[in-house]
1. What residues have an amide H closer than 5 Å to that of B:Leu227, excluding those fewer than 5 places away on the same chain, when H is modeled at 1.01 Å from N in the peptide plane?
2. Quick check of the Kirkwood formula: for the protein assembly as shown, what is the inverse mean of 1/r over all pairs of different Cα atoms, in Å?
3. Check which residues have an amide H placed less than 5 Å from B:Ser132's amide H, if you skip close sequence neighbours.
4. In sequence order, what are the phi-derived ³J(HN,Hα) couplings for region A:359-372 according to the Karplus relation 6.51 cos²θ - 1.76 cosθ + 1.60 with θ = phi - 60°, rounded to whole Hz, with x for glycine and proline?
5. Longest span of chain B, sites excluded, free of GluC sites (Glu not before Pro) in DSSP loop with at most 12 other C-beta atoms within 10 Å?
6. If you wrap a convex hull around the C-alpha atoms of chain B and split its volume per residue, what is the figure in Å³?
7. In whole angstrom, how long is each semi-axis of the equivalent ellipsoid of region B:184-336, when you take the square root of 5 times every eigenvalue of its Cα gyration tensor and sort them from largest down?
8. Let me know the shape class of region B:194-262, please: from the alpha-carbon gyration tensor, a ≥ b ≥ c as square roots of the eigenvalues, rounded when a/c is under 1.5, otherwise prolate if a/b is greater than b/c, or oblate.
Amino acid sequence: MFATILPAALLAQLPVLQVAIPLLAAPVCVLLGRGRWVHDFSLLVTAVVAITSLALLQLVLGGGDASYALGGFAPPWGIEYRIDPANAVILLLVSVSGFLVLLQSRTSIEAEIPKQKHPLFYTAFLLCLTGLLGVAATGDAFNAFVFLEISSLATYALVATGKSPRALTAAFRYLILGTIGASTFVIGIGLLYMATGTLNMSDLATRIPASPHHAVIQAAFALIIVGLGLKAAIFPLHFWLPNVYTFAPMVVTIFLAATATKVALYLLARFVFVIFEDASFAGMLLMPLALLAMFLASLAALQQGNVKRILAYSSIAQIGYMFFALALASTQAVAAAWLLMLTHALAKGGLFMAVAGIALQTGSSNLDDWKGIAKQMPWSAAVMVVCLLSLVGVPLTAGFVAKWSLLVAIFSTSGSIILVAVVAAASLLTLLYAGKILETIYLGTPDEQRATANLREAPLAMLVTAMLVAAMNIYFGLNGTVLSDLSNRAALALLSGF
Amino acid sequence: MNDTTALYLAILLPLLGAVFIAALRNHPNLREAATLVTSVVLFANVCWLVASVANGATPRAANILPMPVSGLFLSLELEPLGAMFAAIASGLWIINSLYSIGYMRANKEKHQTRFYICFAIAIAAAMGIALSGDLITLFVFYEVLTLATYPLVAHKQTEEAKAGARTYLLILLSTSVFLLLFAIAWTYDVAGTVAFAQGGILDGRIENWLAPVLLACFAFGIGKAALLPVHLWLPAAMVAPTPVSALLHAVAVVKAGVFTMLKVGIYIFGIDFLEQTGASQWLAWLAGASILYASVRALAKDNLKARLAYSTVSQLSYVTLAMALATPLGALAGALQIAMHAFGKITLFMCAGAIYVASHRTQVSDLNGLARAMPITFAAFTVGALSIIGAPLLGGFWVKWEIIFAANTPEQLIFIIVMIASSMLSLAYFAPIIGRGFFLPPAQASGDATANAPKEAPLLCVLPPGISAIICIILFFQIDVLWRFLKPIFEAIP
């Protein structure tokens, strides 16, 4: 569609436009000041970025990988942006999430963030978006580090704008840990550069097998996995995440939950499958960690009384599923991992959107304060039902598509019935905490003060966006082939050289 | 109208009905009319399908919705077993709707619109299960049925109702999400398909020693079949209003469970394959144990609905046992049991509800002499109970007869003893109810006896059990019609 509308010259620029637009727009937010325009402007920017990434995805699906040499310096010497189906899907996920989150969040931003900080907030948001998109788009290992840091620094600032004083400690802790992660990552890249003399990812892939410095490369591999694992919140490097999700402003939580960890996960997959082409080591390391994440994080989720915390621990558990799929290292399994990322973004994004609405109206995100809230906020509650069912993986929701793919992939890849049984057992825990939330909001009896309080449904924009996401959960559950085709293409692209 | 359209309509009609019920929420009479009209139209539609199946056709609708991963689709396909289940569920929905109206109004229950909407959705899901052409489709509707009935179980919203509903949801969802889905994925992995096929799809595709393991995943994954030890959800679900217990937890939900069990036995494993490998031998023993255990538990229950619930657990395992005997005759006996138990047990539940409406009594020990005040209710109850016991002149008799025939081999003689013992036990737990009602003097009321003297419940609470009791009798005499209808499932049956 876009290929026919857009001129060829513009099409060739798409890979860089994707990143350049939000980067250039970010400082404009500061200039726009405190007026209402800054929100509309940011929304417009994210919309343009989302359309760009859609065009890019179509381009890549139709006509092979897109490559862009930054500054006209040809790769492998210059920085290359290289888009294949694997990262095109991630780009779409990030940019569409960015758009929907801003579309949803005007009211909650006004409620949670002081007026004078608004321009800076939107600047940081767009920078965060830039960073995440850059990490996904770039074909250069060092450039990936740069963008990872851009997104991280912006995220620290975003988290710190949270109302509660604990947002500051959460942001600080994340800053320390994130910096450690980034350092190990960049040391790993330094070692790779030392051993091979290149930073271009596809060039690295061809040079690594020929390199005599085997031990150096092994060390680099380990450092990179740890660094990215921290960013992706793989158990046991996850402990920055619950506080960040709980104390950041809602808009930040929604955006991070839908995107941030997935981008790190993507980059990790790229390193494992394309650059090092050695999944056995990663599999051995990641599989047990993933299993631990599934069980322990779900159990932790059961213990929490704050809805945001429940969902944060749930994210850690779900990330475990994604790592588990990656560790299996077959085309089917990686496709399942991509499906898990997409459907988890849909489910968790929708959930946090509904939570934002309810928390805004009730002024609390404690589950105890939400008893019987479904009566006063029926639509927000309905969104929660749909998204929780999707999270559990009930048929006719997007989550089921991913779950079925994962089960079949485990069967065909490992052939181990026990492994499938363990994963299926882990998913029971999801059911438990989802059930706990649903029962409280539907069947709980509100205390008197709440019952008589004049609680209204969430503001229209919040509600409509959340319902749109819920509808997507159902649509992609009914029409599962859309997402699974995309994921298969992504997996094929990643594993083509494998 | 062609068969495929009728298949779609069978699922869409109740959903459409639910929309109408929601739209008419402020007009209770019109709302109930919507339920009744929908149920009648649905039954007519299902009858059309049944006639078509009786003529040897196989209504089909393949590739409705694409499912993920390598060309799986939702598909519908109707064979005699499913046609029978659909006919029973939709036919009894009419009778039960009449009863619901009488019961819910007489008890002044709240949230009636929600009740009727969820009921209609549950029926749509039951139709989907009956019509599904493969395991995935069946699984989808199976889950919808669980979710749609959860609000019905929690209907009263008391702490007790919530706790019961929690147990209900937890056991049914966890067994299905954990074991059933796992078993389906496993089947798909070894057989490359999950479509139901004559003679099964697993023969030669799974190692013989793994077949019992897969069967166990199915047997415990199908929580709705209430096999020991996953039966606990069924007594927990009895907190629901009685119409729900009557249609859903005696017919639609539990029968969906054993129906799935039969479908898996006949069309996934294949009876021949089960017989050759002996994969279901252990299941027959477990089902036998379930039958006896639940019967003994029923004996000890004083609450009428709880006693009926344990009786249901026991009776459901008849179907599982019949399938696990791994003979075509046994599997057909299982199919008969689906029909016979449905009519018998719905009669009993509706009578229990009528007693509650008229006298607010729930315990067996309080029923003394009540039959004098409620003769029709107790007569219907007696007929239903006798059918469950398996007395001649009532439909339930044929089930025992056929199972005993099917088990008539040296290795399986034990199951004949189980059958007879179970009949004795069911006689033992029903006889006190009937005996107290008819023969014991009424308890001396402490207050003004004449003012609160119980009398027969409203017509809409009494007529429906009367009708279903009469059907129990008709089924005894018309058994060959049903038998001829079901026979095409197996080519080998004479």
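1. none
2. Values: mean 1/r = 0.0331 Å⁻¹.
Computed over Cα pairs of the protein assembly as shown, the Kirkwood hydrodynamic radius comes out at 30.2 Å.
3. Excluding prolines and chain starts, which carry no amide H, the hits are B:Glu77.
4. 5, 4, 6, 8, x, 8, 10, 7, 4, 4, 7, 9, 4, x
5. Values: sites that count: B:Glu207, B:Glu491.
With GluC sites (Glu not before Pro) excluded where exposed in loops, chain B gives B:208-490 as its longest stretch.
6. On the way: hull volume 65.2 nm³, N = 494.
Roughly 132 Å³ of hull volume per residue.
7. Details: eigenvalues 172, 45, 32 Å².
Those come to 29, 15, 13 Å.
8. Values: a/c = 5.26, a/b = 2.14, b/c = 2.46.
Oblate, since a/c reaches 1.5 and b/c is not below a/b.
The values are calculated or read from the model by the stated rules, or taken from the named source; none is laboratory data. Because the structure is predicted, anything quoted here is derived from the model rather than measured. Methodologically, a virtual Cβ is constructed for each residue, glycine included, from the backbone with ideal geometry; neighbour enumeration extends over all protein chains shown. Surface areas here come from the heavy atoms of the whole protein model, side chains and all, with no ligands, DNA or RNA. Shrake-Rupley method; radii C 1.70, N 1.55, O 1.52, S 1.80 Å.
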